[in-house]
1. Going by accessible area, probe 1.4 Å, with all protein chains left in place, what is the ranking of GLU112, GLU172, GLU50, GLU320, largest first?
2. Averaged per residue, what accessible surface does the stretch 316-409 expose to a 1.4 Å probe, in Å²?
3. I'm a student and want to see the number: the projected area of the Cα convex hull of the stretch 74-114, averaged over all directions, in nm².
4. Quick one: dipole size for the chain, taken about the Cα centre, charges +1 on Lys/Arg Cβ and -1 on Asp/Glu Cβ, in debye to the nearest 20.
5. Need one value: the accessible area of LEU187 in square angstrom, 1.4 angstrom probe, rounded to the nearest 10.
6. List the aspartates and glutamates whose alpha-carbon lies under 20 Å from that of LYS146, not counting same-chain residues fewer than 8 positions away?
7. For the stretch 1-71, what is the Kirkwood estimate of the hydrodynamic radius, computed as the reciprocal of the mean inverse distance between distinct Cα atoms, to one decimal in Å?
8. Take the alpha-carbon positions of the stretch 1-138, form their convex hull, and give its projected area averaged over all directions (one quarter of the hull surface) in nm².
Amino acid sequence: MKKIKFPSAQTILLVIAAAVAILTYLVPAGKYDTLTYNTTENTFTRSSNETTTTIPATQEALTTLHINIPLEKFKNGDIRKPIGIPDTYKEIEAQPQGVAAFFKSPIKGIIEAADIIFLVLIIGGLIAIMNVTGAFDAGIAWLANKLQGKEYILIILVTCLIALGGTTFGLEEEIIAFYPILIPIFLAAKYDAMVALASIYIGSSIGTLASTINPFSVIIASNAAGINWTSGIDGRVITLVLGLVICIAYIIRYAQRVKKDPTKSILYDQKAEIEHLFGSDSAKTNLKLTGRLRLILLVFTACFVVMVYGVSSLDWWFIEMTTVFLVGSIVIAIIAKIKETQFIDTFVRGAGDLLGVAFIIGIAKGVTVIMQDGAISDTLLYYASSVTNGMEKGIFINAVMLVYSGLSFFIPSSSGMAVLSMPIMSPLADTAGIGREMIVNAYLYGMGLFKFINPTGLILASLAIVRVGYNKWLKFVWPLVAILTVFVMVVLTVSVYI
């Protein structure tokens, strides 16, 4: 019998989209009322499915609505998105998403995810320009010689730096840029592409799981819970350090096994294909790193430094990030004396190489579109909050964490999850006799754990760049997810009793 081939990322997402569309026929549609602060008028707008009313922006108004959030959080811009109002859930007329909605969802998703899609395409063009200059090959050869016998340092360095970005400013979508750059370096170090993928993606995942000052998760969630974001930070720092040690040890263990015996690699059957794709060639190890190539690498590195600084300190987002990489590719072309026609052809071809990844991002966003149009996200949140009510606090906090893991499949956005769910879930901490910071931590850990394997998140797009199947990733990562789940549950349980 012919071996059945595991489906592509695009097919997996379309199957998920179809399943979610069917779910809109089975799950009742429902909505929480939402509250939005109007900065120009200094008023609140309360929106329900039928009506919209204006309310004076006072602390008394928030108290009346059972929203335990200081008014200043709205006025100083800490909370900008509409938040859910507790105890206002009601079922609305069903909005099932049929065949037409299913086929439209990828298109709507691509339109909604246009910002990150353009970032990916521009990065593809930049990588192609870099490959033409030969700077990558020379730089990789130099680094491989320097790290000889100490290649494990590369794993530690990359994972820690990516995790640092994740815990401080939510480095997630931006990691797409690092795969084409770092994979050839890991291949030159005699590791497989899975080690590079793991160091980058797991680094980001463990960093965002234990966010310390990440404005897109812990700060916005704490604000929506009505507490200071520093509450519970000690536990998050401990979780970050110990979790990072677990992840690095896991990756190094696999990497050393592959280095000793390449046949142990999960990707061994793709070894030649991946090495050809990322230009790994032992004949290039003698390439000389000239002054011009050093300058090109410096400009290339500066693009990422500027991007990180802009996102973390200047409130930049996708338009600014994309512009940095576009300008960087032009500057590099000028330094390398690449002719205008060659630049255009190379850049467009490089962008085309990542078009499949761009489509995956769009299709994944389309799954969220179906849920939004079907109005089932609030219903799932309502039933999830009902399930955890009245539990003993040790069981309760772990149940909340698992609920957030499940909900993150339907709402993969950390900021979206925070403003929607935290005003609903955080008051449950009061009845359970624990601090609201524990709900924030459970939200972070739950979403973070599922991020390792969440098909509606970034993992399928990441795998598409490396040409690795989702089944192979699951085979690699599931023991680590199991270990981290037990670890996080122990941390949460101990935290509520001390």
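1. Working: GLU112 95, GLU172 40, GLU50 130, GLU320 70 Å².
Heavy-atom accessible area, descending, gives GLU50, GLU112, GLU320, GLU172.
2. Working: 3980 Å² over 94 residues.
Per-residue accessible area for the stretch 316-409 comes out at 42 Å².
3. Here the figure is 5.3 nm², rounded to one decimal.
4. Details: 36 positive and 33 negative charges, 392 e Å.
I would put it at about 1880 debye.
5. It works out to around 10 Å².
6. Of all the aspartates and glutamates, those that pass the test against LYS146 - Cα under 20 Å, at least 8 places apart if same chain - are ASP137, ASP192, ASP281.
7. Working: mean 1/r = 0.0612 Å⁻¹.
Taking every pair of different Cα atoms in the stretch 1-71, averaging 1/r and inverting gives 16.4 Å.
8. 16.6
The values are calculated or read from the model by the stated rules, or taken from the named source; none is laboratory data. Worth saying up front: this structure is predicted, and the values here are computed from it rather than measured. We place every Cβ from the backbone using ideal geometry, glycine too, and count neighbours over all the protein chains shown. Surface accessibility is based on the protein's heavy atoms, side chains included, excluding ligands, DNA and RNA. Shrake-Rupley method; radii C 1.70, N 1.55, O 1.52, S 1.80 Å.
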